[in-house]
């Protein structure tokens, strides 16, 4: 019997067997028309934003069991309702995303809360007063944070402020670098990458690739085309102060934090490096004799499942390395563009720009865990390109082009300042070599990338 279960979405994973964390608050059904309830909800939203982002999930009793509300939750917990609470109580305002996944016959409400920016989220209005005139729920002028119980509490101790201040400083740095990148043409000069960096990343990339093919075989995954002949793989290595590494105890909070961070840029329901909680999909520590002689352990996860034409395999080392391999998305999409002949392969530039944008954002978020970061080196690989037509559903390209070569590998090291200051330019630089396989006269510009960016966040995911 195959050990793999039916495919599970990221939203379903959140409501299947949830456990409260600093980044996840579980709530019973409440009336968001009640003033005290609105104030309490605003407090949780502010605290989660000041934690770096996370989720507020409705539909669970205090003992963790799920409960059905029995009425129209989509109206009672709509995005407009949440936006009204934020507008009333919090500054600066931010936009939540509301989804309604169903599990075990119960339709839950999942509210994704983004991280704060260059300043923390602060309460700008008091909650209602009780009979004695005491303010309840939320107090104006207060910054709320998450603590391990977990709870949403006022920031009153130095340890409450450490991470908030760090994220504010990083966000302010991002703003400044973005501004300077527009002033200084060409960005920050880059030193050539030492050979050992490229060789080290190649070893990491190749070892993950071999392991991915084994995982897919063991899972008896059934893809439309053989995985070993049709895949994309993205790997990166963060160059930072020698010897730095995130502690093993922080590994799972780290991948949860990174997964939350990318959602401000790319969110469509199938994110990279998602930390599923279902046991057979959850990340595990592993070692590989090909990696540092077997002396380095890393997190590894596979979502390849029997009968599924999707899934991915990824590894993340706590010293700043990561790799993910998955089949080409186009091969699992039954809705091919109308100009593609029946049963023909195709290549959607928008999809690959989106995926590069996500891996770049993931690497950038990971870089915040280290000091003296100079740049991030990327190695991307595509297999199965030959004969594919390059086009999109939107038909923005004037005509489709066909790749004459089956394989393309891209390697580049990009300064951190450039990744912060002008992400579209970095993405276009990384994607251009593979795009030229289809259109030798074509060019992927930063403006081309910007054209698609808004579509990388899909409402309800």
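Every number here is computed from the coordinates shown, using simple stated rules; none is lab data. Everything quoted here is computed from the prediction, not taken from an experiment. Reconstructed Cβ throughout: ideal geometry from the backbone, glycine too, with neighbour counts over all protein chains shown.
Here are some notes:
- Across region 195-456, Cα pairs under 8 Å and at least six residues apart give a relative contact order of 23 percent.
- 0 to 90° range, to nearest 10: angle between helix 423-435 axis and the chain longest Cα axis: 30
- Label-to-label distance for residue 225 and residue 163 is 4.2 nm, based on points extended 7 Å past Cα in the beta-carbon direction.
- The chain: relative contact order in percent, alpha carbon pairs under 8 Å with at least 6 residues between: 16
- Mean ellipticity per residue at 222 nm, deg cm²/dmol - from DSSP H runs of n ≥ 4 across the chain, formula -39500 (n - 2.57): -10000 deg cm²/dmol
- When every Cα-Cα distance of region 10-167 is counted in 5 angstrom steps from zero, the calculated P(r) takes the values 2, 10, 19, 22, 21, 15, 9, 3, 1 percent.
- Considering the chain at the alpha-carbon level, its Rg and Dmax are found to be 22.9, 78 Å.
- Degrees separating the helix 251-261 axis from the principal Cα axis of the chain, which is the longest one: 90
- Taking every alpha-carbon pair under 8 Å whose residues sit at least 6 apart, region 10-167 reaches a relative contact order of 29 percent.
- The slack in the chain from residue 31 to residue 214, taken as 0.36 nm per residue of separation less the alpha-carbon distance, amounts to 60.9 nm.
- Packing, taken as the mean count of other beta carbons within 10 Å per residue, orders the peptides 303-313, 287-297, 210-220 from highest to lowest as 303-313, 210-220, 287-297.
- Förster radius 35 Å - calculated FRET efficiency between residue 17 and residue 88 (Cβ-Cβ, nearest 0.05): 0.55
- Translational diffusion coefficient of region 316-461 (Stokes-Einstein, Kirkwood radius from Cα pairs, 20 °C, 1.002 mPa s): 131 µm²/s.
- Fully extending the segment from residue 199 to residue 79 would add 38.4 nm, taking 0.36 nm per residue of separation and subtracting the current Cα-Cα distance.
- Helix 195-219 axis, angle to the chain major axis (alpha carbon atoms, nearest 10°): 80
- In the frame of its principal axes, region 195-456 has Cα extents of 51, 43, 33 Å, reported largest first.
- Calculated FRET efficiency, residue 450 to residue 129, Cβ-Cβ distance, R0 = 51 Å: about 0.60 to the nearest 0.05.
- Translational diffusion of region 288-373, estimated by Stokes-Einstein from the Kirkwood radius over alpha carbon pairs at 20 °C in a medium of 1.002 mPa s, is 136 µm² per second.
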